[in-house]
Amino acid sequence: DAKTTQPTSMDCAEGRAANLPCNHSTISGNEYVYWYRQIHSQGPQYIIHGLKNNETNEMASLIITEDRKSSTLILPHATLRDTAVYYCIVKDLFGNEKLTFGTGTRLTIIP
Amino acid sequence: DAGVIQSPRHEVTEMGQEVTLRCKPISGHDYLFWYRQTMMRGLELLIYFNNNVPIDDSGMPEDRFSAKMPNASFSTLKIQPSEPRDSAVYFCASNLDRGKTEAFFGQGTRLTVV
């Protein structure tokens, strides 16, 4: 699976949009981009995934660049409960089912 | 569904003792995963099963670790004998089928070996 690069940490003011970038420049055609987050002392939680089109659900939006080498997770109106470590993961649709977690981005929402 | 259920939530044991962690996946899910999380190594996959059959156990640290899935609704991860370096949070996860579905994680078991 392709490797991902994320900033170590970010801050965002409560009520503002949080934009979390991820670089996956070696992504291949069959690989999806997944985002998970881990709130302190809990198991990771799925947020969203996509292949090449932008995706939106009740939690977030995922913007994937046209060349698919990077993506941005957007939390439109961040709340204190969004403070967590956010992981960007690339996974082959037809390959190994495991998720390979990197170090993620520690997002802190500031009151 | 109650989600992925792990037990116990916390376990403290002495070095050399056998430890068994338990997991009940979401009903109907074909895949079950065991992950371990430490400060030093982050989240890493130990083993995963498909339809109760182990598919990838390349992450299992050594022979002291073993995992079984006797039926679709139950899996165990056993450490025998346990060592202090096994102290970590162990997560179980399941997902519905192959491909682009999401994995659901349990709350984890925090293991401390003294």
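The values are calculated or read from the model by the stated rules, or taken from the named source; none is laboratory data. These numbers were taken from a predicted model, which means no experiment stands behind them. Cβ placement follows ideal geometry from the backbone for every residue including glycine, while neighbour counts extend to all protein chains displayed.
Restricting attention to the range B:17-37, the residues that are within 12 Å of chain A (Cβ to nearest Cβ) and within 14 Å of the chain's Cα centre (by Cα) total 8. If you go through the range B:32-47 and keep only what is over 12 Å from residue B:90 (Cβ atoms) and either small (Gly, Ala, Ser) or at pLDDT 95 or above (or both), you end up with B:32, B:42.
Scanning the range B:17-65 for residues that are among the small types (Gly, Ala, Ser) and within 16 Å of residue B:88 (Cα to Cα) turns up B:42, B:59. Cβ separations smaller than 7 Å between residues 6+ apart or across chains give the following pairs from the range A:25-36 residues that are surrounded by fewer than 20 Cβ atoms within 10 Å (Cβ to Cβ) to residues that are among the acidic types (Asp, Glu): A:30/A:92. Checked against the criterion of being over 17 Å from residue A:30 (Cβ atoms) and within 10 Å of the chain's Cα centre (by Cα), the candidates A:84, A:60, A:78 yield just one match: A:60. Among residues of the range A:80-101 being more than 21 Å from residue A:16 (Cα to Cα) and surrounded by fewer than 16 Cβ atoms within 10 Å (Cβ to Cβ), the one that is farthest from the other protein chains (Cβ to nearest Cβ) is A:95.
Would you check if residue A:68 is among the basic types (Lys, Arg), in contact (Cβ under 8 Å) with a residue 12 or more places away in the chain and over 24 Å from residue B:89 (Cα atoms)? Here the answer is yes, as residue A:68 does meet what is asked. Among all positions in the range B:51-61, there is no residue which is under 11 Å from the mean Cα position of the chain (by Cα), in a strand (DSSP E or B) and either among the hydrophobic types (A, V, I, L, M, F, W, C) or more than 11 Å from chain A (Cβ to nearest Cβ) (or both). Taken over the range B:69-114, the criterion of being within 14 Å of chain A (Cβ to nearest Cβ), aliphatic (A, V, I, L, M) and assigned to a strand (DSSP E or B) is satisfied by B:88, B:89, B:93, B:103.
Counting only strands (runs of 3 or more DSSP E) that sit completely within the range A:1-69, those holding 3 or more residues that are within 14 Å of chain B (Cβ to nearest Cβ) correspond to A:31-38, A:45-50.
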